[in-house]
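The structure appears below as structure tokens.
Just so you know, all these numbers are worked out from the coordinates, no wet-lab data involved. All values reported here derive from a predicted model rather than from experimental measurement. Please note: Cβ atoms are built from the backbone with ideal geometry, for glycine as well, and neighbour counts cover all protein chains shown.
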Amino acid sequence: MELIHKQFKSSSLNGDWVITIGNFDGYHLGHQALVNQVLADKKVKKTKGGVLTFDPHPKKVLQSQIPFRHIYSNQSKWRFLEESGLDACFIIPFTAKFAALNSQDFLNGLFNFVKLRKIVVGYDFNFGKAREGSASFMKQEAEKHGIEFQQLEAIKIGDITVSSTMIRRLLFEGDFKNVRKFLGRQWSVSGIVQKGKLIGNTIGFPTMNLEPNILLPLKRGVFICQVDVDGTRHKGVCNVGVSPTFNGKTLKVETHLFDFNEDVYGKEITVYPVHFVREEKKFNSVDELKEQIQRDAETARHFFINNTPF
């Protein structure tokens with residue numbers, strides 16, 4: 001079983017470890033509960049704490065015919081995990097060969113890659129080929145090796161279980177307020193501002209363009225948004241799509257900020273959509289597009305006057 005050691009606080013595999021296992025796509029409240037349990041055990045047991053995860057996401061390999069919408073890019077995911085206080089992240093390259101491992105072979109590799117003191121898993125945990133391995137089987141085998149095992153209960157908001165599947169659905173529906181409840185933070189997309197064709201400048205609406213390296217969990221269209229630039233939060237409107245009026249093909253997040261004229265090419269920005277306005281469409285002329293962007297901007301300004309973004 002191949003493992004990549006992504007160093008956070010520790011560059012060494014030596015010593016005792018408490019780990020949790022999962023995909024951690026979104027690093028939502030359920031994932032945070034797992035990591036917090038690892039950190040609590042790490043402190044009590046005086047061990048190191050880590051996460052064992054997979055890349056790419058298993059669904060991209062096992063259901064390759066279905067486009068997979070990531071909640072966050074890997075870069076954001078690693079940053080959340082590192083900022084949590086973990087010592088390391090262990091990444092298993094998820095391949096068809098790895099997916100074919102039975103549960104016992106998976107455990108044989110797991111129990112030998114570091115000195116494990118405890119394993120923490122989530123309420124819906126299964127592992128091995130076709131998810132044949134149950135949490136109870138892992139517990140039984142772990143205890144044979146003197147390793148503690150704990151399975152946490154589901155985290156719920158009201159009567160709804162926090163899950164990545166639910167968060168993807170809410171994002172696609174544009175329900176950013178409830179997404180925040182499940183994530184414990186505003187959802188965002190980050191990236192380096194790319195120099196585009198400068199079409200926005202020529203029509204009076206300059207934009208900051210991001211080209212995400214993942215399929216975003218949003219429908220294509222216009223969103224009211226906030227944007228962090230150099231640590232300052234700004235208000236604006238963004239389009240997530242391919243610019244069909246100009247026969248574009250690359251998915252971009254094109255953001256226009258109000259009362260902003262700084263040069264940000266090459267800088268990292270973070271875009272926080274807060275409200276869905278309309279679906280993307282192809283306009284018959286540039287003038288028709290300009291008129292619609294003006295209406296979208298006015299809609300956004302009124303939104304910020306009448307609403308306090310969460």
[x] 16.7; [y] 19.1; [z] 17.7: which one is mean projected area of the Cα convex hull in nm² as calculated from this entry? [z]
D (Stokes-Einstein, µm²/s), Kirkwood Cα radius, the range 188-306, 0.890 mPa s at 25 °C: 172 µm²/s
Counting only C-alpha contacts under 8 Å and six or more residues apart, can you give the relative contact order of the chain as a whole percent? 16 percent
Which cross-chain or sequence-distant (5 or more) residues have an amide H under 5 Å from the amide H of C225, H modelled 1.01 Å from N in plane? G236, V237, C238, V274
Which links in K129/K219; K181/K249; K219/K267; K46/K129; K42/K97; K181/K267 stretch past 31 Å when you go from one Cα to the other? K129/K219; K181/K249; K46/K129; K42/K97
For a quick check: sort D259, D124, D25, D230 by the number of other beta carbons within 10 angstrom, fewest at the front. D259, D230, D124, D25
For the range 198-263, what size does the Cα cloud have along each of its three principal axes, sorted from largest down, in whole Å? 29, 28, 18
Relative exposure of T270, T255, judged by other C-beta atoms within 10 Å (fewest first): T270, T255
Hey, how many Å between the Cα centroid of the range 93-148 and the Cα centroid of the range 260-310? 47 Å
Across the range 121-137, in residue order, what do the Karplus-derived ³J(HN,Hα) couplings come to in whole Hz, using 6.51 cos²θ - 1.76 cosθ + 1.60 with θ = phi - 60° and x for Gly and Pro? 10, x, 5, 10, 6, 9, 7, x, 3, 6, 6, 6, x, 9, 4, 5, 5
Modelled FRET efficiency - R0 41 Å, K195 with L13, Cβ distances, 0.05 increments: 0.45
Give me the net charge of G184's neighbourhood, meaning all other residues with Cβ under 14 Å from the Cβ of G184; Lys, Arg count +1, Asp, Glu -1. +4
Take every DSSP beta bridge whose two residues both sit in the chain, then give the antiparallel share in percent to the nearest 5. 65 percent
Per the helix-only model, the chain has a calculated mean residue ellipticity at 222 nm (DSSP H runs of ≥4, -39500 (n - 2.57) each, divided over all residues, rounded to the nearest 500) of -9500 deg cm²/dmol
Return the long-range amide H neighbours of E132 (sequence gap of 5 or more, or a different chain), with a cut-off of under 5 Å between placed amide H atoms. F127
Checking the a/c ratio against 1.5 first, then a/b against b/c, what shape does the Cα gyration tensor give for the range 93-247? prolate
Give me, ordered by chain and number, the residues 5 or more places off H70 or on other chains with an amide H under 5 Å from its own placed amide H. L215
Considering only the other residues whose Cβ falls under 11 Å of the Cβ of L29, what net charge follows from Lys and Arg at +1 and Asp and Glu at -1? +4
Karplus ³J(HN,Hα) for the range 222-228 (6.51 cos²θ - 1.76 cosθ + 1.60, θ = phi - 60°; Hz, whole; x = Gly/Pro) runs 9, 10, 6, 8, 10, 9, 8
For the range 98-107, Karplus couplings with θ = phi - 60° (6.51, -1.76, 1.60), whole Hz, Gly/Pro x: 5, 4, 7, 5, 6, 5, 5, 5, 4, 5
Rounded to the nearest Å, what's the spacing between the alpha carbon centres of the range 36-75 and the range 1-17? Just the number, please. 14 Å
May I ask for the net charge around E280, where only other residues with Cβ less than 12 Å from the Cβ of E280 are counted and Lys, Arg are +1 while Asp, Glu are -1? +3
